[in-house]
């Protein structure tokens, strides 16, 4: 158990809908990362927050957004969902420096029908 | 061309074999190199972490980085069926943006 929690574990929804994925980092970690993992693309970095502020952005679509709250939990919002958004979404946390080890949560499996 | 290339496998080996997993990369700015193990339906877990070039050993695992060739390797000695998983390489230049390989599926046969 990494200490990172993600909810829900599974999510099934329809195209055009909006969902919110939640992540609670390990106790004491200030940095939260979001990743998308699909069969053909592997693990893709989406976005990273440090102590409530966005610090790095990867291949995140404009339909996706995220935030980190004062209690350090983070949410990833996915809107206008498409079939291609079906994937595993992972959250990872680290103490704060870019080179710090990241600890991954169990992931949320999103299925868009 | 992807920034990080990794053979997806699957790679099947008998128990006790030495396993060699590799990644190549194109960005010479990468300084930090990691290997993660991911079991089916689980999150990745960090196995090895190397800064710059050189070797690092931890138990049955050895990580090698050759920056001149832009090539990193993970060796697993005395492989066990419990090592069957997907192995992901990852790297960063020191920013928060990490680039992962697509992963190599490994099967160790008892």
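The values are calculated or read from the model by the stated rules, or taken from the named source; none is laboratory data. Bear in mind that the values here come from a model prediction, so they are computed numbers and not experimental data. Positions of Cβ are generated from backbone atoms using ideal geometry, with glycine treated the same way; all protein chains shown enter the neighbour counts.
The residues of the stretch A:21-37 that are exposed (fewer than 14 other Cβ atoms within 10 Å of the Cβ) and at negative phi amount to a single one, A:27. Among the conditions (1) at pLDDT 95 or above; (2) within 26 Å of residue A:105 (Cβ to Cβ), the only one that residue B:51 does not satisfy is (1). Looking across the stretch B:1-23 at every residue that is within 12 Å of the chain's Cα centre (by Cα) and more than 14 Å from every other protein chain (Cβ to nearest Cβ), the one that is nearest to residue B:109 (Cα to Cα) is identified as B:19.
Would you check if residue B:64 is within 10 Å of another protein chain (Cβ to nearest Cβ) and surrounded by 13 or more Cβ atoms within 10 Å (Cβ to Cβ)?
No.
Can you name the residue in the stretch A:86-102 that is farther than 18 Å from residue A:66 by Cβ and more than 8 Å from chain B (Cβ to nearest Cβ) and, of all such residues, is nearest to the chain's Cα centre (by Cα)? Per the criteria, the residue is A:86.
Looking at the stretch B:71-88, can you tell me whether even one residue there is over 29 Å from residue B:110 (Cβ atoms) and surrounded by fewer than 18 Cβ atoms within 10 Å (Cβ to Cβ)?
Yes: one or more hits.
Pick from A:20, A:7, A:15, A:108: which is in contact with a helix residue (DSSP H, G or I) (Cβ under 9 Å, 6 or more places away or on another chain) and either farther than 29 Å from residue B:6 by Cα or within 14 Å of chain B (Cβ to nearest Cβ) (or both)? Criteria check complete, one pass: A:15.
As for the stretch B:24-33, it holds at least one residue that is within 11 Å of chain A (Cβ to nearest Cβ) and surrounded by fewer than 21 Cβ atoms within 10 Å (Cβ to Cβ).
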